[in-house]
Each structure stands twice: as structure tokens, then as C-alpha cells.
Amino acid sequence: MKIGIVGAMNEEIEQMKLDMQIEKEVIKADIKFYEGTLLGKPIVLCKS
């Protein structure tokens, strides 16, 4: 099961991107999603 993280500010997203291992970037409905792992857990990150 993947964990979804939605950030509100660019600063939040940029810090999370530095902390995680990004495996794939996907754009859907003009929203960029970052798929990868954080602390060994699968996550998906995007900006609200």
C-alpha cells in the first residue's frame, strides 16, 4: 500500500523531494506526482 502525501507549499514539496528516493514522475490532470520511497515506505507526493 502506498502512502499519499499532499503538500501545500513549494518549500514542503522541495524538502520532501530531497528526503525521498524518487523513482518516477507522472503528470495527470496538470498535477505532477512523484513516486518513490521515504524511510523504506512507498509514497506518492504531490502539491495541492
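Tabulated results
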item	result
Search result, residues across region 1-24 that are of a type in the set (Lys, Arg) and part of a strand (DSSP E or B)	LYS24
Residue among ILE27, ILE43 that is on the phi < 0 side of the Ramachandran plot, exposed (fewer than 11 other Cβ atoms within 10 Å of the Cβ) and part of a strand (DSSP E or B)	ILE27
Conditions (1) in contact (Cβ under 8 Å) with a residue 40 or more places away in the chain; (2) surrounded by 10 or more Cβ atoms within 10 Å (Cβ to Cβ); number of the one not met by GLU12	(1)
All positions within region 30-40 that are assigned to a strand (DSSP E or B) and acidic (Asp, Glu)	GLU35
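Every number here is computed from the coordinates shown, using simple stated rules; none is lab data. Keep in mind that this is a model prediction, so the values were computed, not measured. Every residue, glycine as well, gets a Cβ built from its backbone with ideal geometry; the counts of neighbours run over all protein chains shown.
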